[in-house]
There are 2 protein chains.
Amino acid sequence: MPKVAPDSSRRSQAARRAILAAAFDLVGEVGYAKLSIEGIAAAAGVGKQTIYRWWPSKGALLFDAFLALTTEGEDGQSGALPDTGDLAADLKVVLRATVAELDDPRYDQPMRALHTEIVHDPVLAADYAKRLDEPMRELKKDRLRAAQRAGQLAEDIDLDVAVDMLFGPILNRWLQRTGPLNSAYADQVVDTALRGLRPREP
Amino acid sequence: MPKVAPDSSRRSQAARRAILAAAFDLVGEVGYAKLSIEGIAAAAGVGKQTIYRWWPSKGALLFDAFLALTTEGEDGQSGALPDTGDLAADLKVVLRATVAELDDPRYDQPMRALHTEIVHDPVLAADYAKRLDEPMRELKKDRLRAAQRAGQLAEDIDLDVAVDMLFGPILNRWLQRTGPLNSAYADQVVDTALRGLRPREP
């Protein structure tokens, strides 16, 4: 016999989703500093103890809210990068979508909060690297490996460096606000990364 | 007649430097959250009012401490990038030095604190972009322009994108701790950025 009755399990699942959604919405409204377990509990319609049973801190809870967003996805997709056979075009679609997401006011505050926590908390950073960065990085590297097989990407490059060169500039410009972050910039990063900075051979 | 006597001006200058150095040292010891104007005043041997006369907040003070470090420099250098005529070698020297600085425990905490403030404070971010990022970015672009004149860099690339592709991956890997940050990585970023990701022409 299952330890938890089906109805109870479904209710738990529903409560968990409500809490994650409430945490994400609330941090966007009030900012991370003012985000409280009490506030999330009230917004999700659950008791504080329900939250403390599952998460030790608001940082851990917010991180799970992100994980739910990226691994489950709003549309239930697996998260694999598009592969039309045109590497540059596919990367531009992905980098433009990243820019659009970072520009979305619903995501801006929660993502800044998560990044701040990561910068200062090595334990959360390790958790982030393992549970969020690495799985997403593997999806990106899968697309680059397909490009290598198709002869569109050099065989001898380090794929981690390639991922960093494509996605790092976007994240940095967003975090530091050092310049305009738009589709034109996303396209330029892709073209420049693929082609390199050296003069073209005549 | 000058409004401030020479002796008084010299004392002010000395106090200012002591405060900036104390702020920098103290944030490395106690972290940004516990950094206080009281603590900085005590460490610098000045009164709190002296600090408040010059800086409205600890964020503004910490930012000036960084500016003093980068614009005056410990060795009084102008900060221009090396130019031996070998672009790849010169960029590797600079990126390796950046990695070493980020790895220095004296700098790690203060720089994380400054970056966190920038992420959440658009006013400080604008100040940072104008007074710290842009002057340093111009020095980097000067070196890239010299390489363009020497035929070592494509004429038609966007130099801001080039700077982002070279320095962005280093900063990101440091902030997010997503992988080892060492000289080998610095070298790989330079080589990959210059050469590009596409297959070499046979």
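The values are calculated or read from the model by the stated rules, or taken from the named source; none is laboratory data. Nothing here was measured: the structure is a model prediction, and the numbers come from that model. Neighbour counts are summed over all protein chains in view; Cβ atoms, including those assigned to glycine, are modelled from backbone coordinates with ideal geometry. Surface accessibility is based on the protein's heavy atoms, side chains included, excluding ligands, DNA and RNA. Shrake-Rupley method; radii C 1.70, N 1.55, O 1.52, S 1.80 Å.
What does the net charge come to around A:D133 if you take all other residues with beta carbon closer than 13 Å to its beta carbon, with K and R at +1 and D and E at -1? Intermediate results must be reported in sequence, preceding the final value.
On the way: positive: A:K130, A:R131, A:R137, A:K140, A:K141, B:R173, B:R177; negative: A:D127, A:E134, A:E138, A:D160, A:D164.
That works out to +2.
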Checklist entry - How much of the accessible area of chain A, probe 1.4 Å, is carbon plus sulfur, in whole percent? => result 53 percent
Checklist entry - How much length is gained if the chain between A:A150 and A:S57 is pulled fully straight, taking 0.36 nm per residue apart and subtracting their Cα-Cα distance, in nm to one decimal? => result 28.9 nm
Item to check | Alpha carbon Rg of chain A, scaled by the compact-globule rule 2.2 N^0.38 Å | outcome: 1.20
Next on the checklist: Need one value: the accessible area of B:W55 in square angstrom, 1.4 angstrom probe, rounded to the nearest 10.
Outcome noted: 10 Å²
Checklist entry - Using Cα atoms only, what is the angle between the long axis of helix B:6-30 and the major principal axis of chain B, expressed in degrees (0 to 90) to the nearest 10? => result 60 degrees
Checklist entry - In peptide A:171-184, how many Cβ atoms from other protein chains are near each Cβ within 10 Å, on average? => result 5
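Tell me, what are the semi-axes, in whole angstrom and largest first, of the equivalent ellipsoid of the protein assembly as shown as set by the roots of 5 times the Cα gyration tensor eigenvalues?
That gives 38, 35, 16 Å for the three semi-axes.
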Checklist entry - Across bins of 5 angstrom width beginning at 0, how are the C-alpha pair distances of region A:78-195 distributed, in whole percent? => result 2, 10, 19, 24, 21, 14, 8, 3, 0
Checklist outcome for this item: Cross-link reach from B:K130 to lysines, straight Cα distance under 30 Å and at least 8 residues apart if same chain, gives A:K34, A:K92, B:K34, B:K48, B:K58, B:K92, B:K140, B:K141
Item to check | Accessible area of B:T84 in the full protein assembly, 1.4 Å probe (Å², nearest 10) | outcome: 110 Å²
Checklist entry - In square angstrom, what is the accessible area per residue of the protein assembly as shown with a 1.4 angstrom probe? => result 50 Å²
Checklist entry - What accessible area, summed over both chains, is buried at the A-B interface (1.4 Å probe, Å², nearest 100)? => result 4300 Å²
Next on the checklist: With angles folded into 0 to 90 degrees, how steeply does helix B:87-103 sit against the dominant principal axis of chain B? Use alpha carbons for both and round to 10.
Outcome noted: 40 degrees
Checklist outcome for this item: With Cα coordinates, the longest principal axis of chain B makes an angle with the long axis of helix B:105-120, in degrees rounded to 10, of 90 degrees
Item to check | Simple spin-label estimate for B:E101 and B:A43 in nanometres, 7 Å along Cα-Cβ | outcome: 2.0 nm
